[in-house]
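First the structure, in the form of structure tokens, and then the observations on it.
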Amino acid sequence: MADDSNIATDAFDGAAVWATLSPEQQARIGAVALEAAVAGAIAEYLRDPAGRACAEAEQIALGLLREAAIGEGGMIDRAWIDDTGLKPRVRIPSVIGLVCQTCGCSQNDPCEEGCGWHDAVTCTACVGSGEAAHG
Ligand SMILES: [Zn+2]
Ligand SMILES: [Zn+2]
């Protein structure tokens with residue numbers, strides 16, 4: 001059913017991959033991750049001028065975070081790309097929980113008509129049944 005999905009069968013486990021990174025990689029990623037979190041919190045809860053400055057700082061930090069994690073010198077592509085099949089599939093970060101490999105819905109983002117889990121990789125909307133909604 002999900003044979004043409006671009007979602008890999010296993011999730012991206014950030015904690016497991018983190019343990020494989022060098023101290024230098026961890027330092028680079030950790031520093032910008034902290035800055036992104038602090039900037040995001042300030043941007044959400046404080047008014048300008050701190051709010052404005054931190055909205056911009058968060059965007060910059062998130063860009064640097066992505067670069068540090070998956071750019072040059074970051075983790076290996078195979079950590080999040082499964083290229084063992086006919087075509088590459090990506091591992092979805094584990095924080096999302098179960099994901100339907102057919103439509104990409106998840107616990108906090110169910111299908112419009114409501115859906116539940118048919119099995120660990122397919123939601124009920126994608127098999128055409130009407131089981132209980134997520135949650
Ligand atoms: Zn689905
Ligand atoms: Zn669904």
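Near residue 118, the amide H atoms lying under 5 Å from its own belong to 123, 124; only residues 5 or more places off or on other chains count, and H is placed 1.01 Å from N.
Answer rounded, prolate or oblate for the chain, using the Cα gyration tensor with square roots of eigenvalues a ≥ b ≥ c: rounded when a/c is under 1.5, else prolate when a/b is larger than b/c, else oblate.
On the way: a/c = 2.99, a/b = 1.43, b/c = 2.09.
Oblate is the answer for the chain, as a/c is 1.5 or above yet b/c matches or exceeds a/b.
To the nearest ten degrees, helix 50-70 and the longest principal axis of the Cα atoms of the chain are 70 degrees apart. Residue by residue, the range 96-113 carries 3J(HN,Hα) couplings of 7, x, 5, 10, 6, 6, 8, 10, x, 6, 8, 3, 8, 9, x, 5, 4, 7 Hz when phi is fed to the Karplus relation 6.51 cos²θ - 1.76 cosθ + 1.60 (θ = phi - 60°); x denotes Gly or Pro.
Here is how the number arises for the chain: DSSP H runs of 4 or more residues each give -39500 (n - 2.57), the sum is divided by the residue count, and the result at 222 nm is -12500 deg cm²/dmol. Summing Cβ point charges (Lys, Arg +1; Asp, Glu -1) relative to the Cα centre of the range 39-135 gives a dipole of roughly 160 debye. Using a cutoff of 8 angstrom between alpha carbon atoms and counting only pairs six or more residues apart, the relative contact order for the chain works out to 25 percent. A simple packing score, the average count of other Cβ atoms within 10 Å per residue, orders the peptides 8-18, 98-108, 45-55 as 98-108, 8-18, 45-55, with the highest score first. Extension gain, residue 16 to residue 52, is 9.4 nm, computed as 0.36 nm per intervening residue step minus the present C-alpha separation. Looking at the square roots a ≥ b ≥ c of the eigenvalues of the Cα gyration tensor of the range 50-123, which shape do they give, rounded for a/c under 1.5, prolate if a/b is larger than b/c, or oblate? Oblate is the answer for the range 50-123, as a/c is 1.5 or above yet b/c matches or exceeds a/b. For the pair residue 45 and residue 84, label points projected 7 Å from Cα toward Cβ lie 4.3 nm apart.
Rule-based calculations on the coordinates, nothing more; no lab input. If you're wondering where the values come from, they're calculated on a predicted model, not measured in any experiment. All Cβ positions, even for glycine, are placed from backbone atoms using ideal geometry, and neighbour counts span all protein chains on display.
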